[in-house]
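Please read the structure below before turning to the comments.
The values are calculated or read from the model by the stated rules, or taken from the named source; none is laboratory data. Quick caveat: nothing in here was measured; it's all calculated off a predicted structure. Virtual Cβ from ideal backbone geometry, glycine too; neighbours counted across all protein chains shown. For the accessible areas, the whole protein counts, side chains as well, though only heavy atoms, and no ligand, DNA or RNA atoms are used. Shrake-Rupley method; radii C 1.70, N 1.55, O 1.52, S 1.80 Å.
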Amino acid sequence: MYLMNALRGFVMPYLALINLVSSPTMDQQDGVAYYSPTDRGGSMLINAGDGYGEPMNVIISGLSSPHILTLDGAINFARAIGFSEECFGLHLGGYMPANLGDGNGWVNQTIELRQDYGNAGIGTCLESLVGGNHFRIFVQNGTTADSGALFLAVSREEPLTEDHDVVPDGYNIGRNQLVSAAVGKTWYNEVKYHTVAQNITGLLKAGADGVNHDIAQDGIVTLLTVTIY
Ligand SMILES: *[C@@H]1O[C@H](CO)[C@@H](O)[C@H](O)[C@H]1NC(C)=O
Ligand SMILES: *[C@@H]1O[C@H](CO)[C@@H](O)[C@H](O)[C@H]1NC(C)=O
Ligand SMILES: *[C@@H]1O[C@H](CO)[C@@H](O)[C@H](O)[C@H]1NC(C)=O
């Protein structure tokens, strides 16, 4: 029973990935870094239920190398900076939708990635048990704001025993940890990345208002431009 579930969870994300990669609708993006979701009826908070949200505090720019902005490209980059798919693909954290103001409305995360403490797969299981950094990815690719940018809701969690709560200051800590790991030169699977960070204010409201777990965050969104070289 356990094995069946584990296997099913493991295979599903790859099916989703194949689906995306072979999609004939991979369209031309708009040539901008991102569009502000809040200017277009969306929100910088993803819906965590009960009227609370979690901040999207990192954006991977639409001006990054195109491969980064695909699902398999994003996964490879995530591996380069110490993350991988969830423990056997199991969504221990559940789905949370976001509205990026691109005309797609509220859409569930494309994938959730967790900090990898060792080899891919088993390492992320360890994260689920001991806690650590994780993020959900949302793609701004609707027809009314097609930047192609990836919006990331990053937070640092308590161990599973504590119900996957976010640690105190976990949104800022999670963002800063991910950004530190990403900036400069990284590589995975023979793909080399050069990443530049820039902080954006005024996009996300600072504070704990409407924020899940009542944890305040500083309102900074870090824009990462990732170039494959
Ligand atoms: C997100 O996924 C869950 C589980 O499959 C589903 O019940 C829910 O309707 C989805 N939400 C959106 C906005 O698509
Ligand atoms: C937008 O991205 C999502 C997630 O990768 C994908 O499922 C969807 O097909 C894309 N939509 C368009 C219009 O490309
Ligand atoms: C962005 O802001 C965070 C939090 O204040 C800070 O630690 C980081 O150095 C800043 N990064 C850049 C590129 O300015």
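Looking only at the range 132-142, decide whether some residue is away from ligand 2 (no atom under 16 Å from the Cβ), at pLDDT below 95 and farther than 22 Å from Leu69 by Cβ.
yes
Only one of these is surrounded by 14 or more Cβ atoms within 10 Å (Cβ to Cβ) and at pLDDT 95 or above: Ser155, Ser147. Name it.
Working: Ser155 fails: at pLDDT 95 or above.
Just one listed residue meets the conditions, Ser147.
Can you name every one of the strands (runs of 3 or more DSSP E) wholly within the range 39-124 that holds 1 or more residues which are away from ligand 2 (no atom under 14 Å from the Cβ) and modelled with pLDDT of 95 or more?
By residue number, 45-49, 52-55, 58-60.
Sort out for me the strands (runs of 3 or more DSSP E) sitting completely within the range 135-229 that have 2 or more residues that are polar (S, T, N, Q) and away from ligand 1 (no atom under 16 Å from the Cβ).
Strands (runs of 3 or more DSSP E) meeting the threshold: 191-200, 221-228.
Out of Gln198, Gln140, Gln217, which single residue is within 13 Å of ligand 3 (Cβ to nearest atom) and surrounded by 23 or more Cβ atoms within 10 Å (Cβ to Cβ)?
Going through Gln198, Gln140, Gln217 in turn, the sole match is Gln217.
Is it true that some residue in the range 196-212 is touching a Lys or Arg at 6+ places or on another chain (Cβ under 8 Å), on the phi < 0 side of the Ramachandran plot and not charged (D, E, K, R)?
Checking the range 196-212: not a single residue is touching a Lys or Arg at 6+ places or on another chain (Cβ under 8 Å), on the phi < 0 side of the Ramachandran plot and not charged (D, E, K, R).
Residue check: is Ala182 within 16 Å of ligand 2 (Cβ to nearest atom), open to solvent by less than 20 Å² (accessible area, probe 1.4 Å), at pLDDT 90 or above and not polar (S, T, N, Q)?
no
Could you please tell me which pairs satisfy a Cβ distance under 7 Å, a separation of 6+ or placement on different chains, a first residue in the range 169-180 that is touching a residue at least 40 places away in the same chain (Cβ under 8 Å), and a second residue that is more than 16 Å from ligand 1 (Cβ to nearest atom) and assigned to a helix (DSSP H, G or I)?
Between residues of the range 169-180 that are touching a residue at least 40 places away in the same chain (Cβ under 8 Å) and residues that are more than 16 Å from ligand 1 (Cβ to nearest atom) and assigned to a helix (DSSP H, G or I), there is no close pair.
Determine, yes or no, whether Ala206 is over 17 Å from the mean Cα position of the chain (by Cα) and closer than 25 Å to Asp39 by Cβ.
Working: over 17 Å from the mean Cα position of the chain (by Cα): yes; closer than 25 Å to Asp39 by Cβ: yes.
Spelling it out, Ala206 is indeed over 17 Å from the mean Cα position of the chain (by Cα) and closer than 25 Å to Asp39 by Cβ.
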